[in-house]
Amino acid sequence: MNWAPATDNVGVTNITFGCKRWPQRNTSSRLAPPALSFTVDALEPGTGYRLWVAAFDAAGNESALSELTPVHVTTLAALGVIRIVFEPPAPTTGDAVSITVSSIHRDSCIPHYDSHQVVGHEIGILSAPSGELFCTPAEIPWDYSINVGPLAAGPYTVTHTLEQQQKRAYFEVSAPAAVTPTPTPTSELKPTATAEPTAPATPVPAPPQIVDPQEQSPKEATVGQLFQYTLQADGFPPPTFTLVRGPDGMTVSSPSARAANRDAQGSVSTATGLVEWTPTDAEVGAITVTVRASNNLGSNDYSFTINVRAARTGDQSGPQSYLPIVQK
């Protein structure tokens, strides 16, 4: 395997070459720079591997394997080499175990399954050569599987025999993890505790914020009639209201202040301001009013519009008609 040189601001001191047999063991080798290649040997035929290279510097920083992109390779199956694979790889006493035997034959007359037996912790598998008379020269893969078990716990040896050739493989059967029963809770009568009264939440200091129940919609007033409108302001200490802009005779007062829970961490006071005014004939039309709420933490101004209409005179229920008077 070859790779490009590694660079670093404090100097590369070592290079680690890693090889992982999928899905089992890891091996690694530490190389000294300027090594740019490594030869991997002792690989098994027909097996997948992951290869990677990591560098680390004089400060002890090493490339994180999670950020590296491994190279995936699979070795070719060797001609005539028997492979034995178990499924599941780590069986328990409750599992049936599948054993697969495979290889590559030199011609079309491939071996086949003959028999197997389980004696104690020894499993013997016998393959028989092909009985065909005419064989085509070619590398032909072959395989078959057998099922054994469930098996008792302990190590097992599998011996495969094909004519004079034998291949051994090993696996272990473990007992399943014991399930610890969950204790059933027992109910016990306990004296009922008397709930203690909860102390009221202390208001959180906050600057005022005026709230208009009707938002920005115009308010209506009539000449000669008392106009009253109530605004709200949140904040603590409770805000007070003053008139910043408005017609002559308009007043704003703070008749009440109450505590309103805002959240579990405290409360905030809500004060109300009452705007009062009786418009005159000269004030028919749109009147802009600005009110201010303030406390020792700040103030907040709010403007709204009052539409003043003229007072009705006489009977406005509808048109009236009169009979003509004829004088002779």
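Taking the Cβ of Thr100 as the center, what net charge do the other residues with Cβ under 11 Å away carry, scoring Lys and Arg +1 and Asp and Glu -1?
Numbers: positive: Arg83; negative: Glu87, Asp143.
With Lys, Arg at +1 and Asp, Glu at -1, the neighbours total -1.
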- line: Residues whose modelled amide H sits under 5 Å from the amide H of Thr222, counting only those 5 or more places away in sequence or on another chain, are Arg309
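No lab work stands behind these numbers, since they all come straight from the coordinates. Because the structure is a prediction, the values reported are computed rather than measured. Glycine gets a Cβ as well: all are built from the backbone with ideal geometry, and neighbour counts include every protein chain shown.
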